[in-house]
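The values are calculated or read from the model by the stated rules, or taken from the named source; none is laboratory data. Quantities reported herein were computed from a predicted structural model and do not represent experimental measurements. Heads up, the Cβs are rebuilt from the backbone with ideal geometry, glycines too, and the neighbour counts pull from every protein chain shown.
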Amino acid sequence: MAEITAPQSPVTAEQFADEIREQLKYTQGVTVEQAKPADVYVAAASAVRRHLMDSWMKTQADMVNGNTKAVGYLSAEFLMGKQLENALLNAGLTEQFDKAVEALGFNAQEVIDAEYEPGLGNGGLGRLAACFIDSLASLGVPAFGYGIQYKYGIFKQEFDENGKQIETPDYWLANEEPWGHIDYNRDQKVSFGGEVVEENGRKVWKPAWSVRAVPVDYMVPGYASGRVNTLRLWSAKSYDEFDLLTFNKSEYLDAVKPQVEAENISKILYPEDSTPQGKALRLEQQYFFVSASIHDAIRVFYPGQDKPDLTTFPDKINFQLNDTHPVIGIPELMRVLMDEYDYDWDTAWDITRRTFNYTCHTLLPEALEVWPSKLIGELLPRHLEIIEKINDQFEAELKAKGVAADTIKDMAIYTGDAVRMAYLATYGGSHVNGVAELHSQLLKDVTLKNFSDVYPDKFTNVTNGVTPRRFIKLANPRLSDLITEGLGTDKWLSDLELLKGLVPLADDDEFVKKFAAVKQANKVDFSNFAKRKYGFDIDPNTMINTMVKRLHEYKRQALKILSVIADYADIKSGKVSADDIMPRTIVFGAKAAPGYYLAKQTIQLINNVARVINNDPDVKGKLNVYFPWNYNIELAMNLIPATDLDEQISQAGKEASGTGNMKFALNGALTVGTLDGANVEIRERVGAENFFLFGMTEPEVSALYAKGYDTKGLSREYYEKDPQLKAAIDMVADGTFSDGDKDTYKDLVNDWLNKDYFMTLADFRAYMDIQAQIEETYRDPMKWSRMAVLNVANSGYFSSDRSIEDYLERIWHTGPLK
Ligand code: CR6
């Protein structure tokens with residue numbers, strides 16, 4: 001019998017059933033007989049919250065009274081996923097729940113399915129924030145997640161009859177949401193606009209309008225740590241609900257205008273990912289949650305004090321800036337310290353610099369936010385003054401260090417017209433980190449090179465990670481059981497490096513067969529899930545080949561679909577017999593930003609390739625493409641454990657890290673990928689022989705740009721020279737996937753042949769070659785499964801617990817609560 005260390009609650013299933021009954025009756029006012037699964041879900045959520053309450057209060061008290069510095073993770077996105085199963089796991093109530101719900105006459109899965117998934121993030125960055133607060137709690141480190149409770153999360157994706165993406169609003173709060181507690185008594189006032197005047201020799205900001213920031217608190221239970229941290233998401237409310245005078249004149253809409261305007265601030269998550277959004281509302285959102293959070297932290301750590309000693313603030317809490325979105329917090333803390341608490345500039349600067357650290361998540365220069373000075377001046381006039389002064393001080397410092405004048409100019413935080421938030425963050429905080437080794441290196445060598453030359457010690461790396469609780473234990477219970485059996489303990493769930501103990505089992509045929517059986521059972525489950533949810537008929541006896549991530553040119557979904565088309569063209573032209581093809585099911589999941597034209601065209605193409613191929617008897621059962629819409633965490637948790645082959649095929653030097661790659665490796669999928677982001681480290685750990693590497697490296701990419709690849713139209717040469725590539729592109733151009741219409745994809749085709757900035761065509765041949773090698777390997781099931789076991793065994797490093805330990809050591813210099 002394996003050693004079990006998972007949390008165990010003292011209550012029995014009968015007691016838990018009584019607690020659910022009680023919630024149903026006294027809070028919701030429904031009998032068990034009247035209750036629907038959605039009622040039972042709310043009742044169970046409330047019941048599990050009660051179980052966590054004492055730990056939550058104790059964690060907060062210990063945090064304020066103890067002397068362990070806390071972490072404030074400031075993030076515009078927290079992509080949490082459904083909460084119930086995770087809360088049950090961490091409260092030790094999973095089994096009790098299953099039995100209790102059944103005893104009440106319900107199906108546990110139906111109750112779990114009743115939860116609506118909150119989508120308060122775009123993709124990797126938001127999900128990383130969710131993994132990080134899970135790990136902080138699991139390690140017992142006192143922490144707050146601070147963000148925005150958007151009323152509408154990332155849009156819901158549908159496809160129309162032409163395969164085009166349709167975005168519909170995601171009103172996730174349409175039904176009762178039992179997890180967030182709205183704490184009207186801990187609100188904060190956040191102001192905007194107006195002007196700065198001099199009064200008695202002091203600068204005084206006279207704002208024009210204010211909104212009320214109301215916190216909505218979510219518990220963040222740790223796994224086996226006894227700790228529960230807080231995710232505090234701010235919701236914007238108006239101070240002037242309603243103008244009665246206007247209302248009485250029957251101008252109803254005008255009467256609610258101030259309310260609507262104020263509440264707009266937390267209305268919607270910007271559906272953008274790695275592209276700029278010069279929208280005033282976005283800056284309002286950023287300032288809104290950061291200002292409220294800073295004031296909140298002062299309230300929490302200096303309770304009841306009018307004149308707190310804020311020189312100790314950086315010893316109470318360190319704020320991590322998750323990308324540039326919260327960087328306005330730097331001038332805000334300066335303003336609070338000087339204008340609200342009377343500190344002089346130098347003291348305020350010292351406190352600020354010691355409080356903040358910055359994580360950069362991109363290499364695309366256009367994704368580093370730059371705000372027009374005019375906009376900041378209108379919205380936050382006092383902050384613009386402070387930013388100018390920070391810039392003056394910065395320039396003087398650079399001069400004193402002997403930096404050349406034109407370099408100083410290149411490094412300007414404030415250019416007159418604009419404010420560069422990444423530069424402000426780099427100068428204004430203690431540390432800057434990238435999210436994978438290659439990325440951190442490129443930040444130092446390219447993106448922030450001048451800064452790293454002057455402040456080399458500021459720069460560090462923390463490779464991303466994912467939480468094994470959600471992405472192995474909850475997503476893949478079969479594999480979890482097998483790992484526990486193989487290791488003789490379940491301790492790996494809080495110490496993922498223990499997976500290394502599975503390495504010898506890759507040579508144990510019995511174990512490898514069990515492992516393959518787990519994968520097969522997961523594939524059957526996924527096939528059923530896909531039938532139920534999408535009406536798809538996925539054959540679980542084919543290789544499941546997955547590409548899920550935001551749709552972006554640099555990620556190169558186009559490369560994948562072109563390879564599918566090339567295979568299809570080979571069969572249609574008789575060059576290859578369908579019988580020789582290894583049966584494969586290709587599954588895509590991806591949302592495109594609503595304004596991203598080529599990304600949306602790619603979605604349309606994938607959908608139509610799926611339509612044509614899946615209906616063609618010539619390739620039936622051999623080559624299938626499915627594109628389940630609205631990719632989200634629920635779909636990820638069902639698809640990842642069922643995947644044989646994962647695609648991480650971004651152009652080298654563009655994907656900062658990737659975190660999907662880690663989830664797949666940990667669930668025993670093999671990866672086909674470029675030397676990019678965290679792929680590099682995954683491959684290093686799982687072994688080059690257990691990873692399908694292809695394509696240009698980052699230096700090769702740079703060299704090809706230098707030759708003028710995208711400016712001189714060099715991609716066309718690849719098209720001309722490679723008949724297979726030519727056939728695939730011609731098939732897109734000739735209307736095969738658009739009912740004969742040659743215009744549907746003309747912009748996409750034009751881009752491939754004349755620009756192809758992300759070098760899809762240049763990597764095509766290498767990609768086709770590696771796919772041939774993959775097929776050959778897959779035909780040997782034992783070999784494939786052994787490789788998969790070694791992927792799991794050697795991926796323990798990619799736990800977000802390890803990432804957080806690196807942050808603790810390299811950046812935050814704090815640890816678990818005593
Ligand atoms: N899009 C990176 O592109 C990384 C995550 C989390 C991203 C991705 O490679 O894994 O952050 N960047 O670090 C941004 O969102 C700016 C992402 O999710």
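Determine which single condition residue 54 fails, assuming it passes every other condition in (1) at pLDDT 95 or above; (2) within 28 Å of residue 638 (Cα to Cα); (3) surrounded by fewer than 21 Cβ atoms within 10 Å (Cβ to Cβ).
(2)
Which residues, counting only those in the stretch 384-410, are surrounded by 15 or more Cβ atoms within 10 Å (Cβ to Cβ) and not in a helix (DSSP H, G or I)?
Within the stretch 384-410, 403 is the sole residue that qualifies.
Just wondering, is there one or more residues in the stretch 776-792 that are among the small types (Gly, Ala, Ser), out of contact with any Leu (no Cβ under 8 Å at 6 or more places or on another chain) and at pLDDT 95 or above?
For the stretch 776-792, residues among the small types (Gly, Ala, Ser), out of contact with any Leu (no Cβ under 8 Å at 6 or more places or on another chain) and at pLDDT 95 or above: present.
Out of the residues in the stretch 150-177 that are under 22 Å from residue 73 (Cα atoms) and in contact with a Gly (Cβ under 7 Å, 6 or more places away or on another chain), which is surrounded by the fewest Cβ atoms within 10 Å (Cβ to Cβ)?
Within the stretch 150-177, the match that is surrounded by the fewest Cβ atoms within 10 Å (Cβ to Cβ) is 153.
Among the residues of the stretch 3-33, which ones are within 34 Å of the chain's Cα centre (by Cα), among the hydrophobic types (A, V, I, L, M, F, W, C) and surrounded by 13 or more Cβ atoms within 10 Å (Cβ to Cβ)?
Result: 6, 16, 20.
May I ask you to verify whether residue 575 is in a loop (DSSP other than H, G, I, E, B), without any contact (Cβ under 8 Å) to a residue 40 or more places away in the chain and at negative phi?
When the stated conditions are applied, residue 575 passes them.
Condition test on residue 176, is it part of a loop (DSSP other than H, G, I, E, B) and at pLDDT below 95?
In short, yes.
Return the pair list, or none, for Cβ contacts closer than 7 Å from residues in the stretch 701-720 that are on the phi > 0 side of the Ramachandran plot to residues that are in a helix (DSSP H, G or I), at least 6 apart or on different chains.
713/754
Tell me, which residue of the stretch 171-186 that is of a type in the set (A, V, I, L, M, F, W, C) and under 23 Å from the mean Cα position of the chain (by Cα) is farthest from residue 151 (Cα to Cα)?
179
Quick check on the stretch 135-149: of everything there that is part of a loop (DSSP other than H, G, I, E, B) and buried (at least 24 other Cβ atoms within 10 Å of the Cβ), which residue is farthest from the ligand (Cβ to nearest atom)?
Within the stretch 135-149, the match that is farthest from the ligand (Cβ to nearest atom) is 142.
Go through 567, 537 for me and flag whichever is in a loop (DSSP other than H, G, I, E, B), away from the ligand (no atom under 16 Å from the Cβ) and acidic (Asp, Glu).
Details: 567 fails: in a loop (DSSP other than H, G, I, E, B).
Step by step, each of 567, 537 is checked, and only 537 is in a loop (DSSP other than H, G, I, E, B), away from the ligand (no atom under 16 Å from the Cβ) and acidic (Asp, Glu).
Would you pick out the residues in the stretch 74-127 that are among the small types (Gly, Ala, Ser), assigned to a loop (DSSP other than H, G, I, E, B) and more than 20 Å from the chain's Cα centre (by Cα)?
Scanning the stretch 74-127 gives 92, 105, 114.
Provide a single number: the residues in the stretch 666-700 that are of a type in the set (A, V, I, L, M) and within 13 Å of the ligand (Cβ to nearest atom).
3
Would you call residue 105 away from the ligand (no atom under 16 Å from the Cβ), farther than 30 Å from residue 490 by Cβ and in the same structural domain as residue 37 (by TED's automatic domain parsing)? Talk me through it step by step, then tell me what you get.
Working: away from the ligand (no atom under 16 Å from the Cβ): yes; farther than 30 Å from residue 490 by Cβ: yes; in the same structural domain as residue 37 (by TED's automatic domain parsing): yes.
In short, yes.
For the stretch 289-382, which strands (runs of 3 or more DSSP E) that fit wholly inside it have 3 or more residues that are more than 16 Å from the ligand (Cβ to nearest atom)?
Result: 317-322.
Considering the stretch 117-134 alone, what residues qualify as being within 9 Å of the ligand (Cβ to nearest atom) and either surrounded by fewer than 24 Cβ atoms within 10 Å (Cβ to Cβ) or not hydrophobic (A, V, I, L, M, F, W, C) (or both)?
Looking only at the stretch 117-134, we keep the residues that are within 9 Å of the ligand (Cβ to nearest atom), and these are 121-129.
Those that are within 9 Å of the ligand (Cβ to nearest atom) and either surrounded by fewer than 24 Cβ atoms within 10 Å (Cβ to Cβ) or not hydrophobic (A, V, I, L, M, F, W, C) (or both): 121, 122, 123, 124, 126, 127.
Please state which one of 654, 663 is within 12 Å of the ligand (Cβ to nearest atom) and in a helix (DSSP H, G or I).
Result: 663 is the single residue among 654, 663 that is within 12 Å of the ligand (Cβ to nearest atom) and in a helix (DSSP H, G or I).
State which residue is surrounded by the fewest Cβ atoms within 10 Å (Cβ to Cβ) when the search covers only the stretch 424-453 and only residues that are among the hydroxyl-bearing types (Ser, Thr, Tyr) and within 16 Å of the ligand (Cβ to nearest atom). Spell out the reasoning first.
The first filter runs over the stretch 424-453 and keeps only residues among the hydroxyl-bearing types (Ser, Thr, Tyr), leaving 426-427, 430, 440, 447, 452.
Checking which are within 16 Å of the ligand (Cβ to nearest atom) leaves us with 426, 440, 447.
Values: 426: 25, 440: 22, 447: 19.
My answer is 447.
Yes or no: the stretch 458-472 includes at least one residue that is touching a Phe, Trp or Tyr at 6+ places or on another chain (Cβ under 8 Å), within 16 Å of the ligand (Cβ to nearest atom) and more than 20 Å from residue 654 (Cα to Cα).
Yes: one or more hits.
Does the stretch 613-620 include one or more residues that are in a helix (DSSP H, G or I), over 24 Å from residue 676 (Cβ atoms), hydrophobic (A, V, I, L, M, F, W, C) and touching a strand residue (DSSP E or B) at 6+ places or on another chain (Cβ under 7 Å)?
For the stretch 613-620, residues in a helix (DSSP H, G or I), over 24 Å from residue 676 (Cβ atoms), hydrophobic (A, V, I, L, M, F, W, C) and touching a strand residue (DSSP E or B) at 6+ places or on another chain (Cβ under 7 Å): present.
Hey, can you tell me all the residues within the stretch 588-598 that are assigned to a helix (DSSP H, G or I) and closer than 10 Å to residue 165 by Cα?
Correct list: empty.
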